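> Here it is, the structure in full.
The values are calculated or read from the model by the stated rules, or taken from the named source; none is laboratory data. On a predicted model such as this, the values are computed, not experimentally measured, just so you know. Ideal geometry is used to build each Cβ from the backbone, glycine not excepted, and the neighbour counts take in all protein chains shown.
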Amino acid sequence: MTRDHMPTLSGKLRIDPFSAVPLAERVASAYDSLRSEGYSSTDILVLKRFPSGTRQFENELAHALTLETRPNVESVLDHAAAIHAYAAPDTRVLSDYERFELLRTVIDGWNWSHPYLQQAAETESFHRDVGRVLLISSWGGFGDSSSDDPALDAMLQELRAVASQFRTALKDRSTVDQAALIESGTQALSEPSVRSFVSELFDAVLVVDFEEFGELERAYLSALTVDAELYCIGERDASIQRIWNEAGSVVALGEAAGLDCFENPALDRSEFSVTDPELVSQFLAIGHFPNGYLREQPAATTNPTVTAYTLSAATYTEQLEAIANEIEILRDEYGLAYDDFAVLCRDSNQPIHESRSLLRRAGIPTASATVTGLNDDPAVRELVALIDVLATDAETAWDILDARVGGVSQSDLDRIANEPTMSGTIDRWIVDTNLKDRVARAPEIEAYTSYRNIREVRKIATFFDTADFLPGGYDSFRSTLSRAIEYVAPDQYTTDLSVEENGVLVDAIRVAKYDTRPIVFLVDVVEGVYPPATQNLTRLFPTDWVKRSSGYPGVTTPTADTVTESFSSVSDAISDPYDRYYTALARRQLAVGSRVATTRVYFCTAETGNRSFGQHRHPSRFLAALEEHPAVTIEQGYSDPERGDESTALHTETGVARDILKEPWRSFAEIERAASLGESADMRSIRSTLEAVTTVLRDEDVDPRFVDAVHTQISYANGEIGTDE
């Protein structure tokens with residue numbers, strides 16, 4: 001895409017090298033520089049691009065500066081929202097699911113003129129696919145629509161018209177979506193009254209992650225700092241968000257905007273030793289280890305000095321089970337807490353939700369900013385089942401209610417159904433069935449999560465009650481609630497990102513960009529993911545169409561020069577600039593994910609994935625490059641089956657359960673093997689193992705269904721249950 005109106009900025013941009021030095025420590029020196037110029041802490045506004053971790057960063061910066069009061073830190077989107085609220089107090093900001101439902105209504109009412117879009121409108125994912133394109137365009141804009149494909153240009157023009165209709169619908173309801181807040185805040189700053197108000201709030205603005213500021217954010221900075229000093233910090237080879245929509249290095253963007261760019265003369269590392277994960281991340285980010293950073297400079301024949309870890313598995317599910325087991329082993333061995341770990345996926349297009357579900361199934365508490373976890377919460381499933389029963393009288397929903405509560409009668413449901421609103425129905429059920437008290441019996445982390453999820457369902461119900469553009473009734477609410485749970489989670493562009501506490505972080509790499517955890521597992525480090533075979537920017541149009549359209553929002557038609565200007569580590573073996581660009585981006589994402597770790601980084605692989613339809617997958621070329629480097633040694637994790645250590649104990653609930661279910665087959669197989677060879681089986685060992693299984697099954701906390709499952713496996717293994725085939 002092109003930038004027709006490059007914002008002009010007046011100030012300076014300090015360029016930091018890619019490193020794992022904590023962001024707060026890097027920012028502290030710039031903050032002190034402003035204070036040395038006479039600005040007090042109350043005069044300085046600190047802005048960051050990513051909203052996640054704002055309060056944590058504020059605390060870390062205060063500690064690094066030894067301030068008695070907290071510095072004033074805000075995300076640029078939250079700050080723009082505050083300016084918008086001051087300028088237009090009667091305008092309400094829509095939540096993600098509110099935006100989705102209103103946009104869905106606009107799309108349903110649109111008369112599509114192009115045959116391709118008419119046909120696409122019949123598909124189940126059409127609303128979400130169109131919404132995704134419009135969301136991206138809200139942040140980066142559409143391009144110049146000068147491609148070699150007039151038909152695609154015409155379709156993009158129609159999508160522009162839909163976006164315009166959506167903005168009209170927002171305006172008619174005195175609402176605004178989060179994607180429009182920065183543009184709205186920029187426009188508000190042109191008003192004298194707003195300008196006068198804002199100028200009294202600060203005298204200097206310190207931007208901490210300028211490499212992620214796109215055109216909209218830079219335009220906001222331009223309007224915000226008319227009467228204030230601007231000091232920006234940008235990191236080389238580190239953009240993983242802005243680079244999706246806008247190519248170019250941080251230096252090129254700063255110079256084009258008019259900033260005075262200078263290199264950080266001395267990055268203070270006196271208190272931060274170089275770790276193995278940081279060296280791995282630097283190798284991935286810039287294509288080589290920085291000179292002088294290895295503890296030794298090994299020749300090809302010397303011992304390696306940098307260590308990385310791997311976990312391999314046959315399937316995606318087994319990959320996550322191995323990660324869960326490794327987490328418990330490391331917790332036992334080193335006394336780590338769950339929030340000392342992170343399990344990171346490449347981006348929000350990867351199966352973050354499934355990863356979280358598999359870990360929770362293994363008994364691992366998790367935290368996430370971009371996955372709500374509503375689908376996995378038994379309390380939420382109970383509320384969904386309630387609405388299902390009221391809407392359709394579904395038998396499976398009745399079963400869920402009976403299992404959760406028991407003794408629910410039709411008269412009970414009739415009384416609940418008499419509530420005049422959906423929020424009233426939810427509240428009545430919560431009170432009548434003592435849902436909150438039942439939730440409180442769960443472990444503290446699970447109870448906290450359930451309380452938050454119940455509040456979210458109530459918010460959805462309240463929205464439904466007041467949405468004049470949605471049809472009423474339980475069936476309509478059932479559909480709205482299902483969409484909110486299944487489709488709508490905070491997107492990579494949204495403001496409302498806050499990571500839950502006290503669990504293993506399971507999220508996209510971008511959420512953890514400035515986070516640190518002792519142990520990090522990078523999921524699915526395989527070809528097809530790192531890098532993707534061909535980056536699909538949308539499901540709405542074929543990738544071949546998008547690759548030749550400069551009008552589609554995002555980086556679609558990069559040149560060879562664009563790629564080399566944007567990335568330090570570029571593969572010369574790839575001739576197509578589009579594929580080179582997104583291959584380099586995938587390597588950078590892996591680099592940023594690696595540096596989140598302070599002690600160990602694991603590269604995890606699975607031979608087959610949940611979307612590979614059984615096709616064999618090979619480890620990533622980036623992992624292969626690490627393995628081939630003479631300075632690197634790769635160690636297999638405790639839970640890696642290739643380690644060959646059969647004595648490694650199972651440490652997770654699902655691992656133990658799976659092993660117990662397999663034991664009858666192993667025991668009978670051992671007896672049959674011995675008989676076929678004319679030998680005697682070790683019956684004492686087999687009897688001891690089966691007695692241990694029996695002891696586990698007698699525990700009153702074991703689900704009776706699991707006991708039945710084990711007995712069934714015994715019957716199968718013994719040939720008592722078979723098929724007629």
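> Being in contact with a helix residue (DSSP H, G or I) (Cβ under 7 Å, 6 or more places away or on another chain), over 30 Å from Ser52 (Cα atoms) and crowded, with 21+ Cβ neighbours inside 10 Å narrows it down to one of Leu383, Leu390, Leu374, so name that one.
Unique residue meeting the criteria: Leu390.
> Within the stretch 154-176, does at least one residue satisfy the condition of being of a type in the set (Ser, Thr, Tyr), on the phi > 0 side of the Ramachandran plot and either in contact (Cβ under 8 Å) with a residue 12 or more places away in the chain or assigned by TED's automatic domain parsing to the domain that holds Ser482 (or both)?
yes
> Name the one entry in Ser193, Ser137, Ser199 that is more than 24 Å from Phe57 (Cα to Cα) and touching an Asp or Glu at 6+ places or on another chain (Cβ under 6 Å).
Ser199
> Looking at (1) touching a helix residue (DSSP H, G or I) at 6+ places or on another chain (Cβ under 7 Å); (2) within 16 Å of Pro553 (Cα to Cα), which is the one condition that is false for Arg160?
(1)
> Could you grab me the full set of residues in the stretch 541-576 that are of a type in the set (Asp, Glu) and modelled with pLDDT under 90?
The one that is of a type in the set (Asp, Glu) and modelled with pLDDT under 90: Asp572.
> Of the residues Ser138, Ser75, Ser164, which single one is at pLDDT 90 or above, crowded, with 19+ Cβ neighbours inside 10 Å and small (Gly, Ala, Ser)? It would help to see each step written out before you state the result.
Details: Ser138 fails: at pLDDT 90 or above; Ser164 fails: crowded, with 19+ Cβ neighbours inside 10 Å.
Answer to the selection: Ser75.
> From (1) in a loop (DSSP other than H, G, I, E, B); (2) in contact with a helix residue (DSSP H, G or I) (Cβ under 8 Å, 6 or more places away or on another chain), pick out the condition that doesn't hold for Gly406.
(2)
> Does Arg132 satisfy being within 19 Å of Phe469 (Cβ to Cβ), touching a residue at least 60 places away in the same chain (Cβ under 8 Å), assigned to a helix (DSSP H, G or I) and of a type in the set (Lys, Arg)?
no
> While we're looking at this one, here's another question. So how many residues does the stretch 226-261 have that are aromatic (Phe, Trp, Tyr) and out of contact with any Lys or Arg (no Cβ under 7 Å at 6 or more places or on another chain)? Can you show your working first?
Here is the first cut: in the stretch 226-261, the ones aromatic (Phe, Trp, Tyr) are 231, 244.
Of the ones still in play, those that are also out of contact with any Lys or Arg (no Cβ under 7 Å at 6 or more places or on another chain) are 244.
Residues that pass the stated criteria total 1.
> Another question about this same structure. May I ask you to list the residues in the stretch 92-106 that are among the polar types (S, T, N, Q) and buried (at least 17 other Cβ atoms within 10 Å of the Cβ)?
As a first pass, look at the stretch 92-106 and keep what is among the polar types (S, T, N, Q): 95, 105.
The one that is among the polar types (S, T, N, Q) and buried (at least 17 other Cβ atoms within 10 Å of the Cβ): Ser95.
> Turning to a different aspect of this structure: Taking the criterion of being crowded, with 23+ Cβ neighbours inside 10 Å and either within 30 Å of Pro518 (Cβ to Cβ) or among the small types (Gly, Ala, Ser) (or both), would at least one residue in the stretch 567-580 satisfy it?
Yes, the conditions are met somewhere in the stretch 567-580.
> Which residue pairs have Cβ atoms under 8 Å apart, sit 6 or more places apart or on different chains, and have a first residue in the stretch 380-407 that is outside the structural domain of Ala442 (by TED's automatic domain parsing) and a second that is part of a helix (DSSP H, G or I) and not aromatic (Phe, Trp, Tyr)?
none
> State yes or no: is Asp347 in a loop (DSSP other than H, G, I, E, B), among the charged types (D, E, K, R) and either in contact (Cβ under 8 Å) with a residue 24 or more places away in the chain or over 30 Å from Thr599 (Cβ atoms) (or both)?
yes
> Among the residues of the stretch 63-79, which ones are more than 18 Å from Val207 (Cβ to Cβ) and among the aliphatic types (A, V, I, L, M)?
The one that is more than 18 Å from Val207 (Cβ to Cβ) and among the aliphatic types (A, V, I, L, M): Leu67.
> Further question: Answer yes or no: is there a residue in the stretch 556-564 that is outside the structural domain of Asp149 (by TED's automatic domain parsing), under 20 Å from His288 (Cβ atoms), surrounded by fewer than 23 Cβ atoms within 10 Å (Cβ to Cβ) and over 23 Å from the mean Cα position of the chain (by Cα).
So far as the stretch 556-564 goes, yes, one or more of its residues are outside the structural domain of Asp149 (by TED's automatic domain parsing), under 20 Å from His288 (Cβ atoms), surrounded by fewer than 23 Cβ atoms within 10 Å (Cβ to Cβ) and over 23 Å from the mean Cα position of the chain (by Cα).
> Something else about it: Return the pair list, or none, for Cβ contacts closer than 7 Å from residues in the stretch 215-242 that are not assigned by TED's automatic domain parsing to the domain that holds Leu23 to residues that are in a strand (DSSP E or B), at least 6 apart or on different chains.
none
> Right, next: Tell me the residue from Asp427, Asp414 that is acidic (Asp, Glu) and farther than 13 Å from Leu383 by Cβ, please.
Being acidic (Asp, Glu) and farther than 13 Å from Leu383 by Cβ holds for just one of Asp427, Asp414, which is Asp414.
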